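Worksheet for the structure shown next.
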Amino acid sequence: MNTLSFSFVIPVYNRPDEVAELLESFSNLKYHEPFEIVIVEDGSSTDCKPVVDAYIDRLDISYFYKENSGPGDSRNYGMERTKGNYFIILDSDCVLPPDYLTDVYKSLEKHYVDCFGGPDTAHSSFSSLQKAINFAMTSFISTGGIRGGKTQVGKFQPRSFNMGISKKAFQTSGGFGVIHPGEDPDLSIRLTDLGFQTKLIENAFVYHKRRISWSKFYTQVHKFGLVRPILNSWHPKTSKLTYWFPTLFMMGFLSAIILWLLGYSLGILAYVAYFFIAFLLALISTKSIGVAMKAVYAIGVQFFGYGYGFLKSVIALKILGKKPEEAFPYLFFKHVE
């Protein structure tokens, strides 16, 4: 392993307050070697340049403003302009714990890989909604551990809210595509196909704020569902039956309600049992009845949003024969030089 020189790359879109919190957490890192921070303003109408200027004497920061082209293209833009040889991609709504970079370095020093991912979690100061959505997005009972839990199933695919990639891997792969969301699993799959190793660094977690409402959460998971059949069409060998589970869950739930109204209660009782178990796990995890109740609702929103999006995308691509860019143009950005 060559000497590691880290460069953080953070795309930003109209979120200066979040950048202030993230930069403050950078200033509290215990890592004693130099590292670089590259902020890429993705065509924001409310830019974070004044926030960056406030930290310019405390941190090694480069700031770039460009036309809006989406987070994937903005990350590529930033990585092309870094000084380091190992890039760490973060979302602007993340906050780093003090040992983050130390844990990353120790893990890569022990077992070097050209791409890693870390988990996300909720800070004790987060709102009950943020904690509930965090549980739904990270719990094994709802996502199967795909976002970096200890119960991870199958080959780990790093996610771009907390992802590291070597300069060599970036240059070989060409970086992120212009689809969003879905640009991170697409890149992870291509890196694997190119022979690069990936891994999860469990200790390298971030506090992921997710400042979203219920409606925005539904929109987010709905897009996740739309994107998955597109990724399956691009990378057929990664297609799995498990991707159908949210759709089957949604359709089964609706069928169970109809059967219950007709006097058959077994199906609805199975769903009641599932949500009760989810409630207990959320209660144990968060130690809050209110958060646990919201977590159950968040799981429902997640399954229905993703499941409906997945089904709609399968119909558009497989049955109607549409191209992804034709069926869902709002999922694709234009590249900006």
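The values are calculated or read from the model by the stated rules, or taken from the named source; none is laboratory data. Since we're looking at a predicted model, the values are computed, not measured. Cβ: placed from backbone, ideal geometry, glycine included. Neighbour counts: every protein chain shown.
Go through (1) in contact with a helix residue (DSSP H, G or I) (Cβ under 7 Å, 6 or more places away or on another chain); (2) surrounded by 22 or more Cβ atoms within 10 Å (Cβ to Cβ); (3) over 27 Å from residue 134 (Cβ atoms) one by one and return the number of the condition residue 73 breaks.
(1)
Under the condition of being hydroxyl-bearing (Ser, Thr, Tyr) and more than 19 Å from residue 157 (Cα to Cα), which residue from segment 228-269 is surrounded by the most Cβ atoms within 10 Å (Cβ to Cβ)?
247
Restricting to helices (runs of 4 or more DSSP H) lying wholly in segment 61-138: which have 1 or more residues that are within 16 Å of the chain's Cα centre (by Cα)?
Answer list for segment 61-138: 71-79, 128-138.
Within segment 45-59, identify whether any single residue is in contact (Cβ under 8 Å) with a residue 60 or more places away in the chain and under 23 Å from the mean Cα position of the chain (by Cα), and answer yes or no.
Taking every residue of segment 45-59 in turn, none turns out to be in contact (Cβ under 8 Å) with a residue 60 or more places away in the chain and under 23 Å from the mean Cα position of the chain (by Cα).
I'd like to verify a number: residues in segment 272-300 that are surrounded by 21 or more Cβ atoms within 10 Å (Cβ to Cβ) and farther than 15 Å from residue 131 by Cβ, how many?
Total meeting the criteria: 0.
Please go through segment 28-46 and pick out each residue that is in contact with a helix residue (DSSP H, G or I) (Cβ under 7 Å, 6 or more places away or on another chain) and not hydrophobic (A, V, I, L, M, F, W, C).
Going through segment 28-46, the residues in contact with a helix residue (DSSP H, G or I) (Cβ under 7 Å, 6 or more places away or on another chain) turn out to be 29-31, 35, 37-40, 42, 46.
Of everything in segment 28-46, those that are in contact with a helix residue (DSSP H, G or I) (Cβ under 7 Å, 6 or more places away or on another chain) and not hydrophobic (A, V, I, L, M, F, W, C) turn out to be 30, 31, 42, 46.
Restricting attention to segment 222-246, which residues are β-branched (Val, Ile, Thr) and modelled with pLDDT under 95? Please lay out each step first, then the result.
Filtering segment 222-246 for residues β-branched (Val, Ile, Thr) gives 227, 230, 238, 242.
Within segment 222-246, 238, 242 qualify.
Starting from residues that are part of a loop (DSSP other than H, G, I, E, B) and charged (D, E, K, R), keep the ones in segment 151-187 and report whichever is modelled with the lowest pLDDT.
Taking the candidates together, the pick is 155.
Can you say whether residue 60 is modelled with pLDDT of 95 or more and loosely packed, with under 14 Cβ neighbours inside 10 Å, as far as the supplied structure shows?
no
Whether any residue in segment 253-267 is under 21 Å from the mean Cα position of the chain (by Cα), at pLDDT 95 or above and of a type in the set (A, V, I, L, M, F, W, C) is what I want to check.
no
Among the candidates 217, 205, 170, 196, which residue alone is more than 13 Å from the chain's Cα centre (by Cα), crowded, with 19+ Cβ neighbours inside 10 Å and not assigned by TED's automatic domain parsing to the domain that holds residue 316? First the steps, then the outcome.
Details: 217 fails: more than 13 Å from the chain's Cα centre (by Cα); 205 fails: more than 13 Å from the chain's Cα centre (by Cα); 196 fails: crowded, with 19+ Cβ neighbours inside 10 Å.
The match here is 170.
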